[in-house]
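The values are calculated or read from the model by the stated rules, or taken from the named source; none is laboratory data. This structure is a prediction, so every number in the text was calculated from the model and none was measured. No Cβ is skipped: glycine too gets one built from the backbone with ideal geometry, and neighbour counts run over all protein chains shown. The area values use the complete protein model at the heavy-atom level, side chains included, leaving out ligands, DNA and RNA. Shrake-Rupley method; radii C 1.70, N 1.55, O 1.52, S 1.80 Å.
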Amino acid sequence: MLCRSVERPSSVAVPSWIPMLLLRRDRLLLLLAFSAILAADFYFHLWPEIQSRLTRNCDCQTQNSTAPGPGTTVLKTAETEPRPTVPSTAKPTLESRGSKLQHLFSHPLYQIPESRPSTQDLLLNSHEAIRKYRKRAANLNRRRRTQLNDNNLTTSLLEAQFDESTSWLQFHLGISKEALYPRHSPVVDQLLRDLNNLTIIGADYSPDEKALNGECDCSQVVKPSGTHLKLVLRFQDFGKAMFKPMRQSRDEQTPEDFFYFVDYQRHNAEIAAFHLDRILDFRRVPPVSGRLINVTRDILEVTSNADLESVFFVSPANNVCFYAKCLYMCKTEYAVCGNPDTLEGSLSTFLPSLSFVPRLSVPSPWIRSYTFTGKEEWEVNTAYCNSIKELPPYSNPQRLLNIIDMAVFDFLIGNMDRHHYEMFTQFGDDGFLLHLDNARGFGQHSHDETTILAPLYQCCRLKEDTWRRLNLLARPEYRLSDVMRESLRRDSLSPILSEAHLRALDRRLQTVLRVVRRCINVHGEEVVLQKKAPPILPITPHRPTPSLP
């Protein structure tokens, strides 16, 4: 068998560098990865920094020159500060100028210059008041130490630390013939913070509960308590406040069958009344703040009153409860309870002691009947105001105008329980009326009790500055409900009022404005709106008294 050789094709010559490249392809991939990382770092980090530096240089050049030349490009990034824009001819909105409340207080009506009160116009002499308060603080600490020693107690004692710069003392020293505090006083805001934060070192019954036991003659302060519960709390800075616990939820209304004199006292009404009084620029309600209280630590453990200790008990739900000693509804059935011992309430700043500055308590000329039958004269006599004007002290126009201011305030909050009003005797008949004890306000948002306005629609008089502020608060940019909502939001217990109560404020404000306009239509603006309280003349008999809306 013949063998034939097979010719193999000649091999193709391969360049020598290709195998070397194939052997080093891993290095190439690594090089490409590093290149990508460097490119990303330059794009995301180095380039923005270069842009930022260029922009800063451009800004500096622009500030040194009058205007950028044509074709000049200014680089803008998120890191650069915004450049000033050319003022717009359009009127700025309220939102751009701040809150409605700030806008209201910056209005000229709230920027009236206040001169520094003279010594005669201030309620307290500062040197004498500081001396007396310092002595009282020392006496309080001495009594507390004696009680601890007599009872052989080993608990730690928190003594009152009196300081001349404390907010409650500065508030007392700032009370003048015009109002309880200056219009833009920073002391009030500090006092509200202190009420919410200071350590409580003592708790006791209020003066009217003590009057029931014959411990003090409090008839010239307040009427003895009937249905409510309140305590006096002492702070470590020697200040004190009236505590009223939560008795009714924000959305709950007073039952229609309740008489006003047996209604609950609402802590949130006290808080809201202070804010409304400040917004109306009356400044006749002492500062009030909401606070969460631990009834065990802040009341039971710090009280030295055995009667107060005796009304504490633990409910079946293991909540700590207590009640007060009063005439009618002071039983365990009407106690207030913590959860388990935390309870919210209002703290109203105390005014200076009656031993320092006496106050006069006067029955309101428009007092309501506090019986289940019968009516007062003002409820049946449409010309009642004419006879009131002729009697002292209401022959003084300023006193009557202050009564009407208080009636407008009470109508807005829905308070029918203004049986008395108080004023500092030191300021005489021209002094302002104190708007105290407002806890029976804001009970019903669905009902407007127009008879509260009787002093207004029967006398047809109103201070001109009150009228101007009421009209201001009716405008959309200063709407009363909006500024109230914003003001109340600052309280630690916010929300204080339900939206229904806030809407009721706007509705009631419109009612007040309609009553005044009808008075103006009948008697003329120069008679109704009083600037400086000239002598008030009787209403012309042949002209009808404006009817209520």
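For the range 422-518, the extents of the C-alpha atoms along the principal axes are 39, 35, 26 Å, listed from largest to smallest. Each peptide among 272-283, 191-202 gets the average number of other Cβ atoms lying within 10 Å of its residues, and from highest to lowest they stand as 272-283, 191-202. For Glu114 and Ile130, the difference between the fully extended length at 0.36 nm per residue and the C-alpha to C-alpha distance is 3.3 nm.
Judged by the mean number of other Cβ atoms found within 10 Å, the most tightly packed of the peptides 461-471, 312-322 leads the ranking 461-471, 312-322. Applying 1/(1 + (r/R0)^6) with R0 = 45 Å to the Cβ-Cβ distance of Ser310 and Glu526 gives a FRET efficiency near 0.15.
Rolling a 1.4 angstrom probe over the protein heavy atoms with all chains in place gives the range 97-136 an accessible area of 69 Å² per residue. Of the GluC sites (Glu not before Pro) found in the range 244-324, the ones in coil according to DSSP and having at most 13 other Cβ atoms within 10 Å of their Cβ are Glu252, Glu256, Glu301.
Once C-alpha pairs closer than 8 Å and six or more residues apart are averaged by separation and normalised to the residue number of the range 412-488, the relative contact order reads 26 percent. Summarising the label geometry, the points placed 7 Å from Cα in the beta-carbon direction at Glu159 and Leu30 lie 7.9 nm from one another. Amide H contacts for Glu344 (H built 1.01 Å from N in the peptide plane; partners 5 or more residues away or on another chain; cut-off under 5 Å): Met246, Ile293. For the Cα trace of the range 421-479, dividing Rg by the Kirkwood Rh returns an Rg/Rh value of 1.02.
If you sort the three axes of the alpha carbon gyration tensor as a ≥ b ≥ c, you get a/c of 1.5 or more for the range 103-153 and a/b no higher than b/c, which makes it oblate.
Counting only protein heavy atoms and a probe of 1.4 Å, the accessible surface of the range 386-517 is 48% carbon and sulfur.
No solvent, one uniform scatterer per C-alpha: report log10 I(q)/I(0) for the range 306-423 via the Debye equation at q = 0.14 1/Å, two decimals. Log10 of I(q)/I(0), two decimals: -0.89. Measuring with a 1.4 angstrom probe and ignoring ligands and nucleic acids, Lys177 comes out at about 70 Å² accessible.
Computed extension gain for Asp465 through Tyr370, at 0.36 nm per residue and net of the alpha carbon distance, reaches 30.8 nm. Shown here for the range 358-431: GluC sites (Glu not before Pro) in loop regions (DSSP other than H, G, I, E, B) with at most 13 other Cβ atoms within 10 Å, namely Glu390. Take 115-122, 448-455 and order them by the average number of nearby Cβ atoms within 10 Å per residue, most first; the result is 448-455, 115-122.
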